[in-house]
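No value in this document is a laboratory result; all are computed from the given coordinates. All of these numbers come straight from a predicted model, not from anything done at the bench. Neighbour counts are summed over all protein chains in view; Cβ atoms, including those assigned to glycine, are modelled from backbone coordinates with ideal geometry.
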Amino acid sequence: MCIEMVRREVLKALLLSASGLVLPVSFLHADAAAQVTNMRLWTGPEHTRIVFDLDKKIHYSLQQFSQPDRVVVEMRDVSWALDSALLKVEDAVVGGVRLDNSTTGLVRLEFALKIPAIPNAFLLRSIGGRPPRLVIELQRKEGMEEENPALASLVAQNRRRDPVIVIDPGHGGEDPGAIGSGGTYEKTVTLEVAHRLVKELDAAGCKAYLTRTDDYFVPLRKRVAIARRYSADLFVSLHADAFRIPSARGASVYCLSERGRAETDRSLQVLVERENAADLIGGVDLGQVVDPELRDILVDLSQRDARNRAMAYGSSLLVALKKVPSLRIHFRGVKQAGFAVLKAPDVPSVLVEMAFLSNRDEEMQLRKQDYQEALARALASGTQAFFHSASMA
Ligand SMILES: [Zn+2]
């Protein structure tokens with residue numbers, strides 16, 4: 001074979017694999033079996049997720065059986081070296097797991113289901129220092145939004161009502177967000193402050209709801225959808241930043257920038273990319289990312305009014321945050337940037353970076369209950385001040 005022919009053969013093989021067709025046998029056998037290096041289970045209100053860490057991408061299949069309800073995952077060209085104790089998982093959906101790896105190169109896992117669930121599986125590529133992962137998602141049938149009468153009646157009741165604020169604790173589950181040098185996870189502090197903020201706002205006569213109540217992952221588009229379902233008057237997403245320069249410190253407040261406007265500030269661009277990567281790290285099935293509602297939202301000009309209100313809300317939060325002893329402000333005004341979680345067209349939405357987890361002092365501060373409480377009180381008073389000035393206008 002001349003060199004040109006070899007080149008063409010290789011190209012043909014690459015094209016075949018890229019288009020999802022079967023890889024030539026010689027290619028498959030060139031590599032050693034993949035390893036499953038860890039396994040975790042996350043329980044959310046609507047779904048359970050089982051995540052497998054891999055050392056490279058694998059081939060897998062998913063099957064569902066009834067009587068009894070179970071889901072079977074088969075991984076091919078994979079070796080299993082995990083401690084069997086990891087298989088002892090159980091929650092409201094999963095009753096138990098059975099492993100069969102008696103055939104070389106084939107790992108078969110059977111998940112017994114306690115209640116009917118809709119299974120889905122997808123691979124996540126390696127990102128942000130995380131290995132490639134296989135995600136098995138078991139969506140509870142009774143938990144699906146469309147069939148949730150409690151939420152529907154709540155939304156109906158709330159037409160004439162107290163101000164509604166949806167609080168979004170950033171990250172969760174597979175996605176830890178920023179990690180401080182002392183080991184603090186952004187997803188943990190955002191949830192702790194969010195719970196405190198709910199209490200503060202409820203005590204002040206508002207209705208506050210969370211996009212997540214525990215440690216599980218919620219896709220960004222779903223967080224936006226929750227704000228809209230509650231017909232929220234305001235949406236606030238809580239985060240704690242990280243920066244390559246450890247001395248960077250202070251809180252910042254952001255709202256959505258004008259459609260399509262690129263960030264001019266490089267460090268801001270990095271922050272937006274990192275926050276928007278949550279879906280890739282936390283694990284959204286890329287096959288389902290195309291969301292016609294969100295696509296329409298992006299071209300909706302009615303965002304302008306919501307954005308103006310968000311700017312006013314952000315300013316009001318900054319005024320309140322400045323009063324917290326020992327809290328520094330990073331940017332003095334409300335910054336605008338293209339955060340995906342702020343894209344509800346009709347809900348004024350802001351994102352608060354409460355501090356820099358990459359700063360040792362601020363990391364220590366953020367872990368303290370007193371400080372979390374002071375932050376929550378300031379955010380609640382800034383929210384009330386916004387409603388007060390809006391009703392005067
Ligand atoms: Zn974040």
Residues Lys57 and Ser102, FRET efficiency given R0 of 25 Å [Cβ-Cβ distance, rounded to 0.05]: 0.55
Cα gyration tensor, the range 227-272 - rounded (a/c under 1.5), prolate or oblate: oblate
Cα gyration tensor shape for the range 179-267, rounded if a/c is under 1.5, else prolate or oblate: oblate
Charge dipole (the range 30-140, unit charges on Cβ, about Cα centre) - positive-most of Gly44, Gly128, Ile115: Gly128
Built amide H within the under 5 Å cut-off of Glu174, gap 5+: Phe217
Residue-span extension gain [His330 to Arg266] - 0.36 nm each, minus C-alpha spacing: 21.5 nm
Global geometry of the range 148-392, whether rounded, prolate or oblate, following the gyration tensor of its Cα atoms and the 1.5 cut on a/c: rounded
Electrostatic dipole magnitude of the range 148-392 [Cβ: Lys, Arg +1; Asp, Glu -1; Cα centre; debye, to 20]: 680
Neighbour-count ranking [beta-carbon atoms within 10 angstrom, fewest first] of Leu82, Leu234: Leu82, Leu234
Net length gained if the chain between Glu373 and Ala203 were fully extended (0.36 nm per residue, minus Cα distance): 59.8 nm
